[in-house]
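Trainee: Have a look at this one.
The values are calculated or read from the model by the stated rules, or taken from the named source; none is laboratory data. Keep in mind that this is a model prediction, so the values were computed, not measured. Positions of Cβ are backbone-derived with ideal geometry, glycine not excepted, and every protein chain shown enters the neighbour counts.
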């Protein structure tokens, strides 16, 4: 019986492709001329931030939300920027040219859109996850924590042995957002060979374990 369960886990590990994390960033090219290079660069960064936010917003908002974001001031737009990386740049006395990678704080943007009632309805997704636990009671506690994580709709057990469980997480929104929400609940999620591996952040107990049953 134990060997059958082991083979089931191995088969399931190679049966499901791992999803890719969604990237809420944009590559923006700017070319601005002004009274001097410093002023040109400042205006270029403001323009890049707005263009990146406008590119990401349609993934999260309906048309009313897109219109709302378009109406924001430069200061308000900056609130949603997580990171700006210069990939390439050059300048003269009055000109600034660059290629920039702008990353949006999608969780803050989504929260803002939801509060304004203009967020796009979240799609429902699911992934298959393996978790190795020291005791059954610990798994029951983990299961309870997972069900309370933000955007998690349901947890469905697929197979279980004496120290491993494979289950399906049904969730709303992006996988990247799910991963961050699980981290807030004390877990890390890693892509494995065909399914995901869940690990408790605050424990040295390895979720990779072995497959000897």
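Trainee: Just give me the residues in the stretch 164-195 being over 27 Å from residue 25 (Cβ atoms) and crowded, with 18+ Cβ neighbours inside 10 Å, in sequence order.
Mentor: 164, 165, 166, 167
Trainee: Hey, another quick one. Return yes or no: is residue 69 part of a strand (DSSP E or B) and in contact with a strand residue (DSSP E or B) (Cβ under 8 Å, 6 or more places away or on another chain)? Give the derivation first.
Mentor: Values: part of a strand (DSSP E or B): no; in contact with a strand residue (DSSP E or B) (Cβ under 8 Å, 6 or more places away or on another chain): yes.
Against the criterion (part of a strand (DSSP E or B) and in contact with a strand residue (DSSP E or B) (Cβ under 8 Å, 6 or more places away or on another chain)), residue 69 does not qualify.
Trainee: Does residue 156 meet the test of being in contact (Cβ under 8 Å) with a residue 24 or more places away in the chain and surrounded by fewer than 18 Cβ atoms within 10 Å (Cβ to Cβ)? It would help to see each step written out before you state the result.
Mentor: On the way: in contact (Cβ under 8 Å) with a residue 24 or more places away in the chain: no; surrounded by fewer than 18 Cβ atoms within 10 Å (Cβ to Cβ): yes.
Against the criterion (in contact (Cβ under 8 Å) with a residue 24 or more places away in the chain and surrounded by fewer than 18 Cβ atoms within 10 Å (Cβ to Cβ)), residue 156 does not qualify.
Trainee: Here are the criteria: (1) surrounded by 14 or more Cβ atoms within 10 Å (Cβ to Cβ); (2) farther than 25 Å from residue 83 by Cα. Tell me which single one residue 117 does not satisfy.
Mentor: Going through (1) surrounded by 14 or more Cβ atoms within 10 Å (Cβ to Cβ); (2) farther than 25 Å from residue 83 by Cα one by one, residue 117 breaks only (1).
Trainee: Would you be able to say whether some residue in the stretch 34-45 is surrounded by 17 or more Cβ atoms within 10 Å (Cβ to Cβ), in contact (Cβ under 8 Å) with a residue 40 or more places away in the chain and outside any helix (DSSP H, G or I)?
Mentor: No, the stretch 34-45 has no match at all.
Trainee: What number goes with the only condition from (1) assigned to a helix (DSSP H, G or I); (2) more than 14 Å from residue 109 (Cβ to Cβ) that residue 54 does not pass?
Mentor: Just one mismatch for residue 54, condition (2).
Trainee: Residues to consider are 48, 64; find the one that is at pLDDT below 95 and farther than 21 Å from residue 181 by Cβ.
Mentor: Result: 64 is the single residue among 48, 64 that is at pLDDT below 95 and farther than 21 Å from residue 181 by Cβ.
Trainee: Now a separate question. Have a look at 102, 66, 97 and point out the one that is without any contact (Cβ under 8 Å) to a residue 60 or more places away in the chain and surrounded by 16 or more Cβ atoms within 10 Å (Cβ to Cβ). Reasoning before the result, please.
Mentor: Details: 102 fails: without any contact (Cβ under 8 Å) to a residue 60 or more places away in the chain; 97 fails: without any contact (Cβ under 8 Å) to a residue 60 or more places away in the chain.
Residue meeting the stated conditions: 66.
Trainee: Quick one: how many residues across the stretch 73-94 are surrounded by 12 or more Cβ atoms within 10 Å (Cβ to Cβ) and not in a strand (DSSP E or B)?
Mentor: 7
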